[in-house]
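A short reminder: the numbers here are calculations on the coordinates, not readings from a lab. Since this is a predicted model, take the numbers as computed values, not measurements. Backbone-built Cβ (ideal geometry, glycine too); neighbour counts: all protein chains shown.
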Amino acid sequence: MADTPQETLANLLSEERTFPPSPEFSKSANVTAAAYDEAAADRLAFWERQARRLDWSKDWDRVLDWDDPPFAKWFTGGELNVAANCLDRHVANGLGDRVAIHFEGEPGDTRAVTYAELLDEVKRAANALTDLGVEAGDRVVIYMPMIPEAAVAMLACARIGAPHSVVFGGFSVSALSSRIQDAGAKLVICADGGFRKGRPLALKPTVDEALESCPSVEKVLVVTRTGQDVGWNDRDVKWEDAVGGAAAEHEAQAFDAEHPLFILYTSGTTGKPKGILHTSGGYLTQASYTHHAVFDLKPETDVYWCTADIGWVTGHSYIVYGPMSNGATQVMYEGTPDTPHTGRFWEIVQKYGVTILYTAPTAIRTFMKWGDDIPARYDLSSLRVLGSVGEPINPEAWIWYREHIGGGSVPVVDTWWQTETGAIMVSPLPGVTATKPGSAQRPLPGINVDVVDEQGESVPNGGGGFLTIREPWPSMLRTIWGDDQRFLDTYWAHFDGMYFAGDGAKKDDDGDLWLLGRVDDIMLVSGHNISTTEVESALVSHETVAEAAVVGASDPVTGQGIVAFVILRGQAESSPEHLAELRAHVAKTLGPIAKPRQVIVVAELPKTRSGKIMRRLLRDIAEDREIGDVTTLADNTVMSRIKSGLQAGK
Ligand code: 6R9
């Protein structure tokens, strides 16, 4: 944590625009302003009511057991089956013919899978896993492309109480093997490959190589997706044989509310990945409630699409568990937004009549760069809620999203949360909140978030500091898998009795929250803390800039100097005058203290598979060091391209 002076993250950026919900939207919204009051009156009673949205085989004795903080237990004594809540109860309620997944493969193949079909496949897969020796409590690693079988695999694990750990398809051998080892997985479920950027991308060879150092794995279940040639070992079993040949009947057994549901690894900036552990009852309660409240889901009529990958927590909570517990109809897309053309997302929205879209700022900025004319070619009038997640959304990108995708009238919800929080924590409610471009605004009902100074004191409106969570919440992580001490040190040692999220934030004059990026990324320039997010947003507000990533590089005079990497919009060209103009633009927008020392034009930026900019790698460039660990990059060749581009331009 930086040594923070009192002017911690002053309000550099000011945003005056607000967009109240339309009266029609508010009138039929799932959640009204009363939810905040109800939750404030009795927080635990509020969450108890949300837990009743689910089917429980046995009622809980206590809503929250916080006797041994920070080790929380929610709905203790309660029992439920997570998969049965996502599937069986909908089919039992006569909704078996409702489409659960409209699958769109990258090459253009499509499948509509109903809830009845999904349940049938999950039951067979559950039997197949049992036949392969997987028992409740055994860990299963899933390494798959974005195909319905990925969701089937997760739900089959949940059904038999075997915690899954999904690893992004495309992660390297070492990233995969270290996660398999840490989880001590007994089984790996993968596919031969998936389609990405117009080509089959093999996955199975990576698994084979990773398993050379993973003695815990007994079997590998392999889905055929691309049909490409892959090596075959004694331990390998074809999904089509095992699942296709398994018994169709499977009775879901209820598990304790605190039974482990999944482990998901977050990379973090340093050290080995952390296995974030989530359990069943509290997790599903909050994933389900937030999906209902934040997206205003009407399961009878909405077509929901979350563009995340299943290997990211967003895919867990807002493709699988949240939407399916609510009986949603959703689109699942395998590929990238520019294959075979840059209008692919909008073509999909038009084709399925998507009503709710949930995507990431990195995607929105990319669409801005490609140009307004692309979405304009499609009918996007079905959309009624737009969501954003993963990074702070720059006000300009927010406005663009609302204007060019939302037709100037659709509410945009900027949702702040983490792998660790399990579900959305801070977000506007689309029928209640007057939204503000760039702000995630308010903690959801039943959630107690604050911004504190370095002493842990709540900052007044207008102040900035560290985002913390003051009370336990149902979908909170329970620990780091196998490492309680690291759990305590990472999240609970900074501030007494509060969860430390690792993000900087400020409260504006209305008390709305603005996320300012990871605390590790915050820059210290001449004794002033400056957030990367604010400088990046100032750059993106210049008409020539599509994307920006800002880092603090050590500087003999100022401590750190601001170095900005920018991607230009469309056809924009750069020149020394243009770079000077960008530096002046930041100084004008935020004040002279925030003026970048240097602006560097690049063609791409290093990002994780979930689209987050990896600033630490850019800092290596800015400080002229060897590039650090690149194993979690979406494309691990990008750094050498950025470096050689810089050398060519020198
Ligand atoms: C869901 C997810 C968590 C980190 C988080 C923060 C950043 C996510 C954000 C946001 C500003 C938002 N983050 N959503 N920052 N506004 N709406 O992204 O989980 O991959 O664990 O990342 O992402 O820095 O701490 P995860």
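Loop only per DSSP, at most 15 neighbouring Cβ atoms within 10 Å: give me the chymotrypsin sites (Phe, Trp or Tyr not before Pro) in the stretch 213-288, ordered by residue number.
When the chymotrypsin sites (Phe, Trp or Tyr not before Pro) of the stretch 213-288 are filtered for loop state and at most 15 Cβ neighbours within 10 Å, TRP232 remain.
From Cα pairs below 8 angstrom and at least 6 apart in sequence, can you work out the relative contact order of the stretch 281-433, rounded to a whole percent?
Here the relative contact order equals 24 percent.
With contacts defined as alpha carbon pairs under 8 Å and 6 or more residues apart, what's the relative contact order of the stretch 526-649 in percent?
Answer for the stretch 526-649 is 22 percent.
What FRET efficiency, computed as 1/(1 + (r/R0)^6) with R0 = 60 Å and r the Cβ-Cβ distance, is obtained for ASP338 and ASP67, rounded to the nearest 0.05?
After rounding to 0.05, the efficiency reads 0.70.
Using the scaling law 2.2 N^0.38 Å as the reference, what is the normalised Cα Rg of the chain?
The value comes to 0.92.
Please work out how much length the chain gains when fully extended from ARG470 to GLU543, using 0.36 nm per residue of separation minus the C-alpha to C-alpha distance, in nm with one decimal.
22.3 nm
Percent of Cα-Cα pairs more than 16 Å apart in the stretch 468-575, please.
70 percent
Set the Förster distance to 25 Å, then compute FRET efficiency between THR301 and ALA112 from the Cβ-Cβ distance, nearest 0.05.
With a Förster radius of 25 Å, E is 0.90.
Taking the Cα centre of the chain as origin, sum charge times position over the Cβ atoms of Lys and Arg (+1) and Asp and Glu (-1), and report the length of that vector in debye to the nearest 20.
Approximately 980 debye in magnitude.
Provide the descending list of Cα extents for the stretch 226-382 along its principal axes, expressed in whole angstroms.
50, 44, 44
Restricting attention to the stretch 296-371, which GluC sites (Glu not before Pro) occupy a DSSP loop and are surrounded by at most 16 other Cβ atoms within 10 Å?
GLU300
Work out the length of the dipole vector of the stretch 526-649 about its Cα centre, built from +1 on the beta-carbon of each Lys and Arg and -1 on the beta-carbon of each Asp and Glu, and round it to the nearest 20 debye.
200 debye
Nearest 0.05, what FRET efficiency do SER57 and GLU347 give at R0 = 51 Å with Cβ-Cβ as r?
Efficiency at R0 = 51 Å is approximately 0.70.
Using a 10 Å cut-off around each Cβ, can you sort SER174, SER288 from fewest to most neighbouring Cβ atoms?
SER174, SER288
Please figure out what share of the DSSP beta bridges in the chain is antiparallel and state it in percent, rounded to the nearest 5.
In the chain, DSSP labels about 60 percent of beta bridges as antiparallel.
Quick one: order TYR321, TYR491 by neighbouring beta-carbon count within 10 Å, fewest to most.
If I rank by nearby Cβ atoms, fewest first, I get TYR491, TYR321.
Describe numerically, in nm with one decimal, the distance between label points set 7 Å from Cα along Cα→Cβ at SER554 and at ASP37.
5.7 nm
Which ³J(HN,Hα) values in Hz, rounded to whole numbers, follow from the phi angles of the stretch 420-432 under the Karplus curve 6.51 cos²θ - 1.76 cosθ + 1.60, where θ = phi - 60° and Gly and Pro get x?
Each residue's phi maps through the Karplus curve to give 5, 7, x, 8, 4, 10, 10, 5, x, 9, x, x, 10 Hz.
Given the options PRO70, THR421, TRP346, identify the residue whose Cα lies farthest towards the positive end of the charge dipole of the chain (+1 on Cβ of Lys, Arg; -1 on Cβ of Asp, Glu).
TRP346
How long is the gain from GLU403 to LYS238 if the chain were fully straight, where each residue apart is worth 0.36 nm and the alpha carbon distance is subtracted?
54.7 nm
How high is the relative contact order of the chain? Use alpha-carbon pairs under 8 Å, at least six apart in sequence, and give a whole percent.
14 percent
Which whole number of Å³ per residue matches the convex hull of the alpha-carbon atoms in the stretch 150-267?
Once divided by residue count, the hull of the stretch 150-267 is 123 Å³.
Considering all alpha-carbon pairs of the stretch 526-649, what whole percent are spaced by more than 23 angstrom?
Across the stretch 526-649, Cα pairs with separations above 23 Å total 28 percent.
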